[in-house]
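So the structure is just underneath, and the comments pick up after that.
The values are calculated or read from the model by the stated rules, or taken from the named source; none is laboratory data. These numbers come from a predicted model, not from an experiment. In this analysis, Cβ positions are derived from the backbone assuming ideal geometry, glycine residues included, and neighbour counts consider all displayed protein chains. Keep in mind that these areas ignore ligands, DNA and RNA; they rest on the heavy atoms of the full protein, side chains included. Shrake-Rupley method; radii C 1.70, N 1.55, O 1.52, S 1.80 Å.
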Amino acid sequence: MAAPTGSSRDLPHPPRAEIRLEAVLHALSDPLRLQVVRELAADGDELSCSHFDLPVTKSTTTHHFRVLREAGVIRQIYRGTAKMNGLRRDDLDGLFPGLLDSVLAAAARQAVRLGSR
């Protein structure tokens with residue numbers, strides 16, 4: 001169950017205690033969602049949705065961000081008209097020590113092996 005929201009612009013996020021490993025793994029299993037997470041990890045800060053150049057429609061992009069948010073991988077907040085995205089690294093590292101770093105390292109090795117970004 002998602003945390004209650006305060007206003008219509010607040011987005012629901014699972015509390016740390018409700019983040020499930022299978023949901024995180026599912027969210028990270030999609031190549032486009034993994035690309036988003038890799039970019040967020042590389043930046044180390046928040047990035048707006050418009051920063052990401054995904055080769056899909058806007059509605060599909062929205063879906064990918066929702067899956068990441070509802071799994072507890074990212075936190076999304078509005079700043080003005082921009083929806084900002086940040087990794088929930090502290091929560092993920094606290095619940096699943098080493099998981100995010102291992103997935104990111106494996107994704108980087110795969111990108112080199114396959115000659116992609």
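Rolling a 1.4 Å probe across the protein heavy atoms gives the chain an accessible surface of 59 Å² per residue. Does the chain come out rounded, prolate or oblate, given a ≥ b ≥ c as the square roots of the eigenvalues of its C-alpha gyration tensor, rounded meaning a/c under 1.5 and, failing that, prolate meaning a/b above b/c? Here the chain falls in the oblate category. The alpha carbon gyration tensor of the range 58-108 gives principal lengths a ≥ b ≥ c with a/c of 1.5 or higher and a/b greater than b/c, which makes the shape prolate. Per the 1.4 Å probe, what fraction of the accessible area of the chain, in percent, lies on carbon and sulfur atoms? Of the solvent-accessible surface of the chain, carbon and sulfur hold 54 percent. Here each label is just a point 7 Å from Cα along the line to Cβ, and for Arg20 and Ala108 those points are 3.1 nm apart.
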